[in-house]
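K.L.:
Sharing a structure here in structure tokens format.
Any read-out appearing in this document is the output of simple, stated calculations on the displayed coordinates, not a laboratory observation. From a predicted model like this one, the values you see are computed outputs, not experimental measurements. Glycine gets a Cβ as well: all are built from the backbone with ideal geometry, and neighbour counts include every protein chain shown.
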Amino acid sequence: MKVLWLINAPIPRICTDAGLPVQVKEGWIDGLYNSITALMRRENTDISLAIAFPQYSVKDTIEGDLDGTPYFGFYKDEDKPYKYNPKVTERLEEILSRVKPDVVHIAGTEYDHAYSMIKAFHCPERTVVSIQGLTSVYARHYMADIPIKVRYGFTFRDILKMDNLFMDRRKYRKRGLMEKDTIKGAGHVIGRTDWDRMCTRLINPKAEYHYCSEILRNDFYDGSRWNYNGCSRHTIFVTQGYYPIKGLHYMIEALANIRNFYPDATLKVAGGVRLNNSGFKQRIRQKNYQKYLDELIKRYKLENNVHFLPPLKPEGMKEQYLSCNVFVSPSSIENSPNSLGEAMILGVPCVASLVGGVGNMLKDGQEGFVYQHDAPYMLAFYVMKIFEMCDNGDKRLDEMTEAAVKHAKILFDREKNAKRMMEIYGGVYEENQ
């Protein structure tokens, strides 16, 4: 059985092998690749894997072989995931003719190349799509209570690129149309939450739904555990904040409330967002949402309480999880955020907005706390509750984080999830013999 993966970014080992800059996104794919290839070697299976991925920085076609796994790049414009490109379809048709896969696995439906693969392969009964986010649904939640003037306003950068928040949401909607066609063109859907099951069922009720949880990055399976004595007291960690869906504006509003009771409260934001003290050149490159975040920080006088971190590799992310007092996922919509899974498996106290599939991940009051996403005052309440539990040595917090670790180990079990994925491939293959 030959399986061809279509992924959204080359995994680190391919980047190293092909001389590309190593990317830190799509960590679940890297974890899945490592676990599946290890399982294939150990059990000497008759399954072969090939990988296709978009290449943005290099136009010359990239091809190679990674320990027996052939990989194929295809060039596309990173800035236009909402626009169908027939040249990508042509390249995927070429890759398909060389690999001759029995099963095609599209790992994520959010980008135009997923739709291109549907058109190129045109075989729904042998096509599997994994659901990450769903742009067709995310577009409805994109503005996340952002003020009207910010939604329609422009910075200097936005004027030059003709690209503000309103236009961003419109692009999400365009991507959502292709995404729906991608899901309609697949006979099989892999998901992991009630949310993605219902959303995809509404789009394509005929597709067979398969449950399979994800695999985290290798760095989070070494047994490291958070403890209060080793963390920075009253520090909050958020992993993203570049666009409204991730809810950083909610977190900043919550921090303003938290600081009234905990003046030393500090927020650290990963992801390479640059706002205050970033210099003139960086300021003129800001989008209107970033400008709005900067204004919020100044309005609440939080300049000394918010710190933006550069893009972090997995080991750097793990260090931040372990050194914070609370991890927060303040998004306006998510499926099942891997950042929350990483925090849970490390035993970090967690607070998350109850959106999308988060309820399938974090049990409220037992493994952490969840809150209504557009109620930053309740986010503040639960963060302060964890601060108080830590400061008072409350044993209930130990019980809560231990329960989160146990749940995360079940959800993100590498061996179990790799075997389940292989079972899905095998079932699709056997149905079409």
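K.L.:
For Arg233, which sequence-distant residues (separation of 5 or more, or a different chain) have an amide H within less than 5 Å of its own amide H, given hydrogens modelled in the peptide plane?
P.N.:
Residues meeting the amide H criterion: none.
K.L.:
Under the rule of at least 5 residues apart or a separate chain, name every residue whose amide H is placed under 5 Å from the amide H of Glu334.
P.N.:
Those qualifying (amide H under 5 Å, at least 5 residues apart or on another chain) are Gly356, Gly357.
K.L.:
For a protection proxy built on the mean count of beta-carbon atoms within 10 angstrom, sort 312-322, 133-143, 391-401 highest first, please. Before the final figure, lay out the partial values.
P.N.:
Working: 312-322: 17.4, 133-143: 20.7, 391-401: 13.8.
Highest mean packing first, the order is 133-143, 312-322, 391-401.
K.L.:
To the nearest 20 Debye, how big is the dipole of the stretch 52-100 about its Cα centre, given +1 on the beta carbon of each Lys and Arg and -1 on that of each Asp and Glu?
P.N.:
Working: 8 positive and 10 negative charges, 47 e Å.
It comes to approximately 220 debye.
K.L.:
Taking the Cβ of each residue in Trp5, Trp28 as the centre, tally the other Cβ atoms inside 10 Å and list the residues starting with the fewest. Write out the running numbers ahead of the final one.
P.N.:
On the way: Trp5 24, Trp28 21.
By the 10 Å Cβ count, ascending, the order reads Trp28, Trp5.
K.L.:
A further question on this structure: Tilt of helix 376-391 relative to the longest C-alpha principal axis of the chain, in degrees (0 to 90, nearest 10)?
P.N.:
80 degrees
K.L.:
Right, here's the next one. Through the Karplus equation 6.51 cos²θ - 1.76 cosθ + 1.60, θ set to phi - 60°, convert the phi angles of the stretch 252-259 into ³J(HN,Hα) values in whole Hz; use x for Gly and Pro.
P.N.:
The phi angles translate into 5, 4, 5, 4, 4, 6, 4, 5 Hz.
K.L.:
Here's something else I'd like to know. Relative to the longest principal Cα axis of the chain, at what angle does helix 27-43 sit, 0 to 90 degrees, rounded to 10?
P.N.:
The answer is roughly 50 degrees.
K.L.:
Let me ask something additional. Could you sort out which of Lys59/Lys246; Lys206/Lys419; Lys246/Lys395 sit more than 28 Å apart by Cα distance in this structure? It would help to have the intermediate numbers written out before the result.
P.N.:
Working: Lys59/Lys246 32 Å; Lys206/Lys419 25 Å; Lys246/Lys395 31 Å.
Where the Cα-Cα span goes over 28 Å, the pairs concerned are Lys59/Lys246; Lys246/Lys395.
K.L.:
Also: Can you tell me the alpha carbon radius of gyration of the stretch 94-139 divided by the globular rule-of-thumb value 2.2 N^0.38 Å? Could the numbers behind the result be given before it?
P.N.:
Values: Rg = 11.4 Å, N = 46, 2.2 N^0.38 = 9.4 Å.
Here the Cα radius of gyration is 1.21 times the empirical estimate.
K.L.:
Roughly how many Å is it from the Cα centre of the stretch 69-122 to that of the stretch 135-170, as a whole number?
P.N.:
A separation of 28 Å, based on Cα centres.
K.L.:
Sorted from largest down, give the three principal axis spans of the alpha carbons of the stretch 219-411, whole angstrom values.
P.N.:
On the principal axes, the stretch 219-411 reaches 46, 33, 30 Å in Cα extent.
K.L.:
Now, a different point. With only Lys, Arg, Asp and Glu charged, each at its Cβ (+1 for the first two, -1 for the last two), find how big the charge dipole of the stretch 219-411 is about the Cα centre; round to the nearest 20 debye. Don't skip to the end; give the middle numbers.
P.N.:
Values: 22 positive and 20 negative charges, 160 e Å.
Using only the charged Cβ atoms, the result is roughly 760 debye.
K.L.:
Expressed as an acute angle from 0 to 90° and rounded to the nearest 10, what is the orientation of the C-alpha long axis of helix 165-184 relative to the principal long axis of the chain?
P.N.:
The angle comes out at about 40 degrees.
K.L.:
Taking the chain as a Gaussian network, Cα atoms linked when under 10 Å apart, which of Ile333, Ile183, Ile36 shows the biggest mean-square fluctuation?
P.N.:
Comparing Ile333, Ile183, Ile36 in the GNM, the peak value goes to Ile36.
K.L.:
Here is a further query. Quick one: the Cα spread of the stretch 1-124 along its three principal axes, in angstroms, biggest first?
P.N.:
42, 33, 23
K.L.:
What order, most packed first, do the peptides 49-61, 344-356, 190-202 have when packing is the mean number of other Cβ atoms within 10 Å of each residue?
P.N.:
Values: 49-61: 17.1, 344-356: 25.0, 190-202: 19.2.
Highest-to-lowest ranking by the protection proxy: 344-356, 190-202, 49-61.
K.L.:
May I ask which residue of Val370, Thr266, Val348 lies farthest towards the positive end of the charge dipole of the stretch 219-411, with charges of +1 (Lys, Arg) and -1 (Asp, Glu) on Cβ and the Cα centre as origin?
P.N.:
Thr266
K.L.:
Rounded if a/c is under 1.5, else prolate if a/b is larger than b/c, else oblate: which is the stretch 242-342, with a ≥ b ≥ c the root eigenvalues of its Cα gyration tensor?
P.N.:
Values: a/c = 1.42, a/b = 1.17, b/c = 1.21.
Judged from the Cα gyration tensor, the stretch 242-342 comes out rounded (a/c under 1.5).
K.L.:
In whole Å and largest first, what semi-axes does the C-alpha gyration tensor of the chain yield when each eigenvalue is scaled by 5 and square-rooted? List each step's numbers first, then the result.
P.N.:
Numbers: eigenvalues 261, 137, 76 Å².
Sorted largest first and rounded, they come to 36, 26, 20 Å.
K.L.:
Can you work out the Karplus-derived ³J(HN,Hα) for every residue in the stretch 313-328? Use 6.51 cos²θ - 1.76 cosθ + 1.60 with θ = phi - 60°, whole Hz, and x for glycine or proline.
P.N.:
6, x, 5, x, 5, 4, 4, 5, 4, 5, 8, 8, 8, 8, 9, 10
K.L.:
I need the shape label for the stretch 345-433. Rule: rounded when a/c is under 1.5, else prolate if a/b > b/c, else oblate, with a, b, c from the alpha carbon gyration tensor. Please list the in-between numbers first.
P.N.:
Working: a/c = 5.25, a/b = 2.14, b/c = 2.46.
Note, shape of the stretch 345-433 comes out oblate.
K.L.:
Now a separate question. Would you mind pulling out the separation of the Cα centroids of the stretch 340-356 and the stretch 1-50, in Å?
P.N.:
First find each Cα centre; the distance between them is then 26 Å.
K.L.:
Once you place label points 7 Å from the Cα toward the Cβ at Glu90 and Asp364, how far apart are they in nm?
P.N.:
Taking the simple label geometry, Glu90 and Asp364 are separated by 5.4 nm.
K.L.:
Mind ordering 231-237, 256-262 by average Cβ neighbours within 10 Å, highest first? The partial results should precede the final answer.
P.N.:
Numbers: 231-237: 20.1, 256-262: 17.7.
Ranking the peptides 231-237, 256-262 by packing returns 231-237, 256-262.
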